[in-house]
Every structure is written in structure tokens, then in C-alpha cells.
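FYI, it's all coordinate maths here, none of it is from the lab. In this text, all values refer to a predicted model and were calculated from it rather than measured experimentally. No Cβ is skipped: glycine too gets one built from the backbone with ideal geometry, and neighbour counts run over all protein chains shown.
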Amino acid sequence: MEEMYINHFAVLIAAVSMFVLGGLWYGPLFGKQWMSANNFTEEDLANGNPAKQYGLGFLFSIIMAYNLAAFLGDSGTDAAWGATAGFLAGFGWVFFGVAMISMFEQRSWKYIFVNGGYMTIAFTIMGLIIGAWR
């Protein structure tokens with residue numbers, strides 16, 4: 001069995017990319033659609049705990065990036081395969097996982113596409129970074 005290689009700095013940058021994309025995605029890009037899909041107001045968002053939300057969000061991003069890096073640990077991994085594997089994980093697993101749960105929760109397609117789309121793009125970018133930075 002070949003030894004797995006993980007570039008820990010690439011994993012950290014991949015996690016940061018997911019976190020930054022989330023800020024853009026749920027802010028200026030699709031923030032209004034996301035708020036509408038959840039029936040949130042600005043006041044609702046102000047009642048959250050930012051330290052907990054951002055702290056745990058970043059921790060979860062690191063865990064997801066390490067998980068993806070484990071799948072991409074083969075020596076033959078490059079940027080193209082990393083992006084492809086990231087897309088397949090984001091779209092094939094996460095998007096449809098979000099969709100399945102959302103259907104039972106009677107959520108809108110807007111909710112599914114905003115959240116599933118974010119995860120698909122985030123995983124694709126993380127895979128690209130991890131694959132390129134061998």
C-alpha cells in the first residue's frame with residue numbers, strides 16, 4: 001500500500017478558502033436569497049453568537065479539508081483530479097445530502113440550491129488547492 005501524503009499548509013489554505021467563499025456566498029452573492037429561503041430578518045441574524053458560529057464554522061472547514069485531503073493523498077493527485085474529486089464530493093455527496101434532508105424538512109428549492117451550490121463550489125476549490133499543492 002502506498003503511503004498517503006497530506007500537505008497540512010494546503011489543507012489550512014483550503015479551509016480558509018471555504019470560509020472566505022462562505023462569507024461571499026452568504027453575503028453579497030446569495031445572502032438575500034439565503035435569508036429569504038430561511039425566513040430570516042437582519043434582526044434574526046443579529047441574535048446569533050458570532051464567536052461560536054465563526055469559530056465552529058472554521059473548525060468544521062478544517063475537518064472537511066482534512067477529510068478531502070485524505071481522499072486525495074495518492075501521489076498521482078494533481079490540480080485537475082483534486083478539483084474533479086472535490087466537485088464529485090461536493091455535488092454527489094453534499095449537494096444531494098442537503099437536498100434529501102431538505103425535501104423531508106419541506107424546504108424550498110431555493111434553500112437547496114443556495115446551500116448545496118455553496119458546498120459544491122467550496123469542495124471543488126478545496127480539491128483544486130489540495131491537488132495543486134502536492
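Roughly how tilted is helix 8-24, in degrees to the nearest 10 and between 0 and 90, from the longest Cα axis of the chain?
20
What shape does region 27-95 have by the C-alpha gyration tensor, where a ≥ b ≥ c are the square roots of the eigenvalues, rounded means a/c under 1.5, and otherwise prolate means a/b greater than b/c and oblate the rest?
The shape class here is prolate.
How far is helix 50-71 tilted, in degrees, relative to the longest principal axis of the Cα atoms in the chain, given as a value from 0 to 90 rounded to the nearest 10?
So the inclination is approximately 30 degrees.
Find the relative contact order for the chain and round it to a whole percent, using C-alpha pairs within less than 8 Å whose residues are 6+ positions apart.
Across the chain, relative contact order equals 41 percent.
Against the longest alpha carbon principal axis of the chain, how many degrees, from 0 to 90 and to the nearest 10, is the axis of helix 109-132 turned?
The answer is roughly 20 degrees.
Pick out which of 39, 47, 67 has the largest mean-square fluctuation in a Gaussian network model of the chain, springs linking Cα atoms closer than 10 Å.
Sorting by GNM fluctuation, first place goes to 47.
Among 120, 77, 41, whose mean-square fluctuation peaks in a Gaussian network model of the chain (Cα, cutoff 10 Å)?
Sorting by GNM fluctuation, first place goes to 41.
Translational D (Stokes-Einstein, µm²/s) of the chain at 20 °C and 1.002 mPa s when Rh comes from the Kirkwood sum over C-alpha pairs?
Values: Rh = 15.6 Å.
D, rounded to a whole number, is 138 µm²/s.
So which residue, out of 81, 34, 109, gets the largest mean-square fluctuation from a GNM of the chain using Cα contacts under 10 Å as springs?
Evaluated over the chain, the most mobile residue of the options is 109.
7 Å from Cα along Cα→Cβ at both residue 80 and residue 101: what's the point-to-point distance in nm?
Label-label distance for residue 80 and residue 101, simple model: 3.5 nm.
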